[in-house]
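*Asks:* My structure is below; once you've seen it, I'll send some questions.
The values are calculated or read from the model by the stated rules, or taken from the named source; none is laboratory data. Quick caveat, the model's predicted, so the values are computed rather than measured. Here Cβ is always computed from backbone atoms with ideal geometry, including for glycine, and neighbour counts include all displayed protein chains. Just the protein is used for accessible areas: all its heavy atoms, side chains included, with ligands, DNA and RNA removed. Shrake-Rupley method; radii C 1.70, N 1.55, O 1.52, S 1.80 Å.
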Amino acid sequence: MFFSIPNIAALMNRYYIEYRQLIGAFFFGDVLERVMFFIAFGMGLGRAVAQIDGVDYITFLAPGIAAGSGVFIMAVATTYGVSNRYEGSAIWQSWLATPVRLQDILLSELIFNMLRATPSLVILYIVAYFFDAVPSVSGAILSLPVLMFANLVYGSITLNMGVYLGRMLYFRYIQALWVMPMYLFSGVFFDIKEAPEWMQVFANIFPLYHVLEVVRPLVLGRPVDLAQALISFTVLSVIFVVAFCLAYNQFKKRLFD
Amino acid sequence: MNIIHAENIQKSFGDFEAVKGVDFKVPQGTCVGLLGPNGAGKTTTMRMIMGLSSLSAGSLKVFDTPVDKVTRAEKMKIGLVPQEDNLDPDLSVRQNLEIYGSYFGLEKSFIQQQADSLLEFMQLGEKANNRVNHLSGGMKRRLIIARALIADPEFIILDEPTTGLDPQARVLIWKSLLKLKDQGKTLLLTTHYMDEAQRLCDNIVIVDGGKVLDEGSPKELISRHVKNHVFEVQKPVPEALQDSDIDHEDIGDSVLYYVNNPDKVKHLLPDGITYTQRVSNLEDVFLRLTGHKLRE
Ligand SMILES: Nc1ncnc2c1ncn2[C@@H]1O[C@H](COP(=O)(O)OP(=O)(O)O)[C@@H](O)[C@H]1O
Ligand SMILES: [Mg+2]
């Protein structure tokens, strides 16, 4: 499976035009919800929880919200967004009648949505900074590429669910069985090391957990275990490649058979 | 040279065979019409040609290349007007052409030039900056045809380009398709309008139930199946006519008689019989071959 850079560039330009028109909707959808979570939990719950993992609760929470935000954005984009494009307006089919190929389309969907989710990460960090909740600014900046890659990984997984959305699967299932469990059990809101043992084991199946293992120390300005980071990166890369190929094959069957 | 050469192509969806072994050719520079009732397998066949649907069996060559090996350069030479309107809802009329052109990797200046001339060709200039969901059905169809022409293709596939349009819009589209033919383009067309097929197509392939029933030029098909004249005689049909060996078809309330020489029927019709007589056309061939029963 080879990708065509000119094809992907042409598609990215198309997405960018759509993005410019809908920038308000994207912005509010992506940013506001996350910021509200951050402020409500950080300020509200933060009062009750004095310290966690050696820092203020709101400081602990900031990288968690950042790492988790892409889970939602990518899940909606790769299910609703994608099914709109190949079942609703059927524009994928119009693209496939040109030299653009399925793999170019799938990768472009992931890259575009990853890019569009990135400003919301930056804004979240800026808000957190004003709440004095970003101990290491350089760590936060370094965490951005990690989170961008993580968003690609989340998207490649939910892309597999986009194939079935509308036909046999509802978004509620995706949300109940994948998005929410990952968000709640990966340690966004609490220190997973303090959680019951079964939960610590359970957390391992979620990419978000592995992402947080790298991102939280970065943003808190703590040393990152490089060996651990390398393992996380390898695992996430493998997940990405496998999920992408699976999604490609499923879409190929769905569209061409 | 044949732009398309299909031999025994088949397509199954699960247990259902939509295309059951179809053979046809599209010679360069001609317009071939694929005619058939709803569900005949026309769209499926066109999708297979575009590589949008895999073949279950058979051999399909596009520009002499097996369809699954078609190169980028060859793909650029094909323009598709799909049956369903799949314009990009987030783009303007002009953007629908220009952005589509970018998927072919064409030079920006070439695309802009093409977009300008196609907007004029399809009489969409005034709407260039409108969003596409504000267009009428006829304008959408014209824009989709313009879009299919953005890369200046040699071969254009049109799946029901005029279905649901008013007569003015149809005539406009016919004119533009005839212009394309004059430019030497090759066309493959499906339509439910037999006058359209008769006007535009050099060769016609009639399909039904996923099989080819017959093919030939409109003239050949007419003389082969319905002669030159058709008489529709209300029942009860006079005995002399019933006993004759004239080619005919019972369609319920009346019987159709096909003859080259109208006098042959006329002298068998006593006064007071209700009948109509006309020069036969492709519609008669179509109904004769595919039957008069309603589909889907
Ligand atoms: N993706 C599909 N899955 C199942 N059946 C299909 C699919 N596409 C087409 N068909 C069936 O195949 C037959 C031929 O369809 P189609 O090629 O669209 O016919 P036409 O264009 O001649 O009206 C129809 O009975 C249709 O319902
Ligand atoms: Mg059709």
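*Asks:* Have a look at A:120, A:136 and point out the one that is of a type outside the set (A, V, I, L, M, F, W, C) and crowded, with 21+ Cβ neighbours inside 10 Å. It would help to see each step written out before you state the result.
*Replies:* Details: A:136 fails: crowded, with 21+ Cβ neighbours inside 10 Å.
Criteria check complete, one pass: A:120.
*Asks:* Looking only at segment B:6-47, which residues are more than 13 Å from ligand 2 (Cβ to nearest atom) and outside any strand (DSSP E or B)?
*Replies:* B:14, B:15, B:28, B:29, B:30
*Asks:* Return the residues of segment B:161-194 that are among the hydrophobic types (A, V, I, L, M, F, W, C), assigned to a helix (DSSP H, G or I), open to solvent by less than 50 Å² (accessible area, probe 1.4 Å) and within 26 Å of residue B:279 (Cβ to Cβ); say none if nothing qualifies.
*Replies:* Within segment B:161-194, the subset among the hydrophobic types (A, V, I, L, M, F, W, C) is B:165, B:169, B:171-174, B:177-178, B:180, B:187-189, B:194.
From what's left, assigned to a helix (DSSP H, G or I): B:169, B:171-174, B:177-178, B:180, B:194.
With the extra rule that they be open to solvent by less than 50 Å² (accessible area, probe 1.4 Å), the set shrinks to B:169, B:172-174, B:177, B:180, B:194.
Selection gives B:173, B:174, B:177, B:194.
*Asks:* Can you tell me which residue in segment B:83-94 is surrounded by the most Cβ atoms within 10 Å (Cβ to Cβ), limited to those that are more than 7 Å from chain A (Cβ to nearest Cβ) and of a type outside the set (Ser, Thr, Tyr)?
*Replies:* Initial filter on segment B:83-94 (more than 7 Å from chain A (Cβ to nearest Cβ)): B:83, B:85, B:87, B:92-94.
So of that shortlist, the ones also of a type outside the set (Ser, Thr, Tyr) come out as B:83, B:85, B:87, B:93-94.
On the way: B:83: 15, B:85: 17, B:87: 22, B:93: 28, B:94: 20.
Going through the qualifying residues, I end up with B:93.
*Asks:* Let me ask you something else. Quick check: is even one residue across segment B:37-44 closer than 30 Å to residue B:179 by Cβ, charged (D, E, K, R) and within 8 Å of ligand 1 (Cβ to nearest atom)?
*Replies:* So far as segment B:37-44 goes, yes, one or more of its residues are closer than 30 Å to residue B:179 by Cβ, charged (D, E, K, R) and within 8 Å of ligand 1 (Cβ to nearest atom).
*Asks:* Those residues that are charged (D, E, K, R), within 14 Å of chain A (Cβ to nearest Cβ) and open to solvent by 50 Å² or more (accessible area, probe 1.4 Å), I need them from segment B:5-16; list them, please.
*Replies:* Within segment B:5-16, just B:15 meets the criteria.
*Asks:* In segment B:195-281, which strands (runs of 3 or more DSSP E) lie fully inside it and hold 2 or more residues that are of a type in the set (Ser, Thr, Tyr) and open to solvent by 50 Å² or more (accessible area, probe 1.4 Å)? Please lay out each step first, then the result.
*Replies:* Values: elements: B:203-208, B:211-216, B:229-234, B:248-250, B:254-259, B:275-279.
Result: B:275-279.
*Asks:* Could you go through segment A:25-44 and let me know if any residue there is of a type in the set (Phe, Trp, Tyr) and either within 14 Å of chain B (Cβ to nearest Cβ) or free of Cβ contacts under 8 Å to residues at least 12 places away in the same chain (or both).
*Replies:* The initial filter retains those residues of segment A:25-44 that are of a type in the set (Phe, Trp, Tyr), namely A:26-28, A:37-38, A:41.
Cutting the leftovers down to either within 14 Å of chain B (Cβ to nearest Cβ) or free of Cβ contacts under 8 Å to residues at least 12 places away in the same chain (or both) gives us A:26, A:28.
Yes, segment A:25-44 contains a residue that is of a type in the set (Phe, Trp, Tyr) and either within 14 Å of chain B (Cβ to nearest Cβ) or free of Cβ contacts under 8 Å to residues at least 12 places away in the same chain (or both).
*Asks:* Scanning for something touching a residue at least 24 places away in the same chain (Cβ under 8 Å), closer than 26 Å to residue B:53 by Cα, open to solvent by less than 30 Å² (accessible area, probe 1.4 Å) and in the same structural domain as residue B:166 (by TED's automatic domain parsing), does segment B:103-125 turn up at least one residue?
*Replies:* yes
*Asks:* Here's a follow-up. Taking the condition within 16 Å of ligand 1 (Cβ to nearest atom), without any contact (Cβ under 8 Å) to a residue 24 or more places away in the chain and within 14 Å of another protein chain (Cβ to nearest Cβ), does residue B:158 pass?
*Replies:* Working: within 16 Å of ligand 1 (Cβ to nearest atom): yes; without any contact (Cβ under 8 Å) to a residue 24 or more places away in the chain: no; within 14 Å of another protein chain (Cβ to nearest Cβ): yes.
Considered against the rule, which asks whether it is within 16 Å of ligand 1 (Cβ to nearest atom), without any contact (Cβ under 8 Å) to a residue 24 or more places away in the chain and within 14 Å of another protein chain (Cβ to nearest Cβ), residue B:158 comes out as no.
*Asks:* Six or more apart or on different chains, Cβ under 7 Å: which pairs go from a residue in segment B:28-50 that's of a type in the set (Val, Ile, Thr) to one that's within 9 Å of ligand 2 (Cβ to nearest atom) and part of a loop (DSSP other than H, G, I, E, B)? Could you list them?
*Replies:* B:43/B:83
*Asks:* Shifting gears a bit: For segment B:23-76, name all the residues that are in contact with a strand residue (DSSP E or B) (Cβ under 7 Å, 6 or more places away or on another chain), within 13 Å of chain A (Cβ to nearest Cβ) and of a type in the set (D, E, K, R).
*Replies:* B:74, the sole residue that qualifies.
*Asks:* Let me ask something else about it. Checking the structure you have, find out if any residue of segment A:121-129 is free of Cβ contacts under 8 Å to residues at least 12 places away in the same chain and away from chain B (no Cβ under 14 Å).
*Replies:* For segment A:121-129, residues free of Cβ contacts under 8 Å to residues at least 12 places away in the same chain and away from chain B (no Cβ under 14 Å): present.
*Asks:* If I ask for residues that are of a type in the set (A, V, I, L, M) and under 15 Å from the mean Cα position of the chain (by Cα), which ones from segment A:70-106 would you list?
*Replies:* To start, the set of residues in segment A:70-106 that are of a type in the set (A, V, I, L, M) comprises A:71, A:73-77, A:82, A:90-91, A:96-97, A:100, A:102, A:105-106.
Passing the criteria: A:71, A:73, A:74, A:75, A:76, A:77.
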